[in-house]
1. Suppose we filter Val335, Val310 for residues that are in contact (Cβ under 8 Å) with a residue 40 or more places away in the chain, touching a helix residue (DSSP H, G or I) at 6+ places or on another chain (Cβ under 7 Å), open to solvent by less than 10 Å² (accessible area, probe 1.4 Å) and within 19 Å of Ala270 (Cβ to Cβ); which single one remains?
2. Looking for whichever is touching a Leu at 6+ places or on another chain (Cβ under 9 Å), assigned to a loop (DSSP other than H, G, I, E, B), over 30 Å from Met303 (Cβ atoms) and open to solvent by less than 20 Å² (accessible area, probe 1.4 Å) here; the options are Pro215, Pro193. Which one fits?
3. Among the numbered criteria (1) out of contact with any Asp or Glu (no Cβ under 6 Å at 6 or more places or on another chain); (2) outside any helix (DSSP H, G or I), which single criterion is violated by Ile229?
4. Under 9 Å between Cβ atoms, which residue pairs at least 6 apart in sequence (or on different chains) link something in the stretch 264-281 that is within 17 Å of Leu299 (Cα to Cα) with a partner that is modelled with pLDDT under 95 and of a type in the set (Phe, Trp, Tyr)?
5. For residues in the stretch 59-84 being over 17 Å from Arg179 (Cα atoms) and among the hydrophobic types (A, V, I, L, M, F, W, C), which is least open to solvent (accessible area, probe 1.4 Å)?
6. Provide a single number: the residues in the stretch 321-332 that are touching a residue at least 24 places away in the same chain (Cβ under 8 Å), in contact with a strand residue (DSSP E or B) (Cβ under 6 Å, 6 or more places away or on another chain) and open to solvent by less than 10 Å² (accessible area, probe 1.4 Å).
7. Please name all residue pairs, on different chains or six or more residues apart, with Cβ atoms under 9 Å, provided the first residue is in the stretch 361-388 and is within 23 Å of Ala258 (Cα to Cα) and in a loop (DSSP other than H, G, I, E, B) and the second residue is open to solvent by less than 30 Å² (accessible area, probe 1.4 Å) and of a type in the set (Asp, Glu).
8. Kindly establish whether Phe243 is farther than 25 Å from Tyr395 by Cα and in contact with a Cys (Cβ under 7 Å, 6 or more places away or on another chain).
Amino acid sequence: MTHSTVKSVVIANDHAFVNGGQAKIALESALNLKRQGLDVSFVAGQGPADPRLDEAGIECTITGSHDILSDPDRLHAATCGLWNPAAARALARAIDARDPVTTIVHVHGWSKALSPSIGPVVVKAKTPHVFTLHEYFLACPNGGFYNYQTGTICQKRALGAKCLTTQCDPRHAGHKAWRVARQVVVQTLGLMPRGLRDVIYLTARQLSLMRPYFPADARWHYLPNPVEIRSDERVTAEDNETFLFIGRLSPEKGADIAAAAARIAGVKIAFAGDGEARDAVTRANPDAVMLGWLNSDQLVSWMRKARCVVFPSRWYETYGLVVAEALRLGLPVLVSRSSVAAELVRHGESGFHVEAGNVEQWAAFMGQLRHDATARMLSHVAYAAGAKIPGYNDYTDELLAIYDRISADRKSFR
């Protein structure tokens, strides 16, 4: 069907292919909006473009061949990371080609390839805009409110004196200095976030973290990420044995904590993913099953054989799609209580909230889940909770409703 008010949408994202949750949401929403009859334009910093965009008749513009992490010319990467004129021009052309009265600009990501240069294009356009908070780069220089050197959540005011004098970057002090410089560019020449008027947030905790950095008159729209996984019947978690970790094996994700806890608790654990913490995981638990990266079908197959999903992240995260997917299948979840993903799990009902980094506590809750009655009870509640998490059709309907509200109140942008 054709939407009543908004006829066109220009979507901006760093990548035009799926390389993570942010790109997946941007691409899937583009495809679903096109199916709803909208004229959709997709502007990205790096390709190749997902072939489904062309098949659907979606205009796609790629502004460069590399993002700032993969660019072999590090000077070029550093320069374009601060300001990418090609990205600004491409986005401006896509916006100018459409009627501002019936068009929305939707930004999903800018920090990996598009750069702060798109900020003035979005803010100064006659077309209204909305920005989805998939990460924290509009406030925090390293994008995570996380000190990678100490392995702890950072409570400092972003760009405050203590922030500027703390080496929190995962690489080195010079990289932190570059990130700070970019943050200054974002807030001055980039006009972000001070010029943004409509923002989509994913969790209440995320809103509380980011709201202080946005203008007082910004309008906030709650829209959690959709879940693709569907199940007509509950996974009988109580019949399964394996505890399952899904995601990148990096220090902030806490995979080593889950591995060590499983060894103490005497439970089987498997890791679907890979990364620099792989060796730390196998040292912590030599019996851990290392699955590597799995495709969608393989991952769902392993989830159907799991007793529980563990989400031991040491940092806030921005949503926790893995947690939502687990609930949709009826899998109990052990989740770090400091993570925003804890909002999806009712402690003692659909899973347990656990102190991040506390191996003994993780092991204790794994021990509780060894009891079939406990696993069964949590699984039933998880499945009921998962049914309330939006799928892509529900997400698209709510996204269109948000577009409508923004378009109806053109005072929300300038």
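1. Val310
2. One residue alone meets the criteria, Pro193.
3. Condition (1) is where Ile229 drops out.
4. Ala272/Trp293; Gly273/Trp293; Asp274/Trp293
5. Cys60
6. 3
7. Close Cβ pairs (under 9 Å, with a partner that is open to solvent by less than 30 Å² (accessible area, probe 1.4 Å) and of a type in the set (Asp, Glu)) amount to His371/Glu238.
8. yes
The values are calculated or read from the model by the stated rules, or taken from the named source; none is laboratory data. This is a predicted model, so every value here is computed, not measured. Cβ atoms come from the backbone with ideal geometry, glycine included; neighbour counts cover every protein chain shown. The protein model used for the area step is the full one, side chains on, heavy atoms only, and it has no ligands, DNA or RNA in it. Shrake-Rupley method; radii C 1.70, N 1.55, O 1.52, S 1.80 Å.
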